1. Given 0.36 nm per residue, what is the gain on full extension from R25 to L41 after removing their alpha carbon distance, in nm?
2. What is the gain in length, in nm to one decimal, between F63 and Q10 on full extension, counting 0.36 nm per residue of separation less the C-alpha to C-alpha distance?
3. Through the Karplus equation 6.51 cos²θ - 1.76 cosθ + 1.60, θ set to phi - 60°, convert the phi angles of the stretch 52-67 into ³J(HN,Hα) values in whole Hz; use x for Gly and Pro.
4. How do the peptides 53-64, 3-14 rank, highest first, by the average count of neighbouring beta carbon atoms within 10 Å per residue?
5. Which net charge results when you count Lys and Arg as +1 and Asp and Glu as -1 among the other residues whose beta-carbon is under 12 Å from that of R8?
6. F68's amide H: which non-local residues (gap 5+, or another chain) put their own amide H closer than 5 Å, with H modeled 1.01 Å from N in plane and none for Pro or chain starts?
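Please treat every number below as a calculation from the coordinates, not as lab data. Please read all numbers here as calculations on a predicted model, not as lab measurements. Cβ coordinates were reconstructed from backbone atoms using ideal geometry, including for glycine residues, and neighbour counts include every protein chain displayed.
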Amino acid sequence: MERYERGRTQFAEGLQGTAARSTLREGISPENAAALFHAVLNGLQMQWVLDPGLDIVGPVTDFVRLLFDQDPADE
């Protein structure tokens, strides 16, 4: 449990800067984005364990695009 709390906290801290630059989609708090991102990563990891041929990079990239108003790579 401590691992998840630490991960969410670190993600949220990292997202604080993007929220300050108004790139995090409006209405999504850094804390919620961090929890969602962590959940997506854990879920995809479990799917990958069951199917090592699964592409997890594509779904993670698409999810990140959902969280931001613009592609963070464009900044």
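1. That works out to 3.8 nm of additional length.
2. 17.3 nm
3. Each residue's phi maps through the Karplus curve to give x, x, 5, 7, 9, 5, x, x, 5, 4, 5, 5, 4, 4, 5, 7 Hz.
4. Those peptides, ordered most packed to least, come out 3-14, 53-64.
5. -2
6. The answer is R25.
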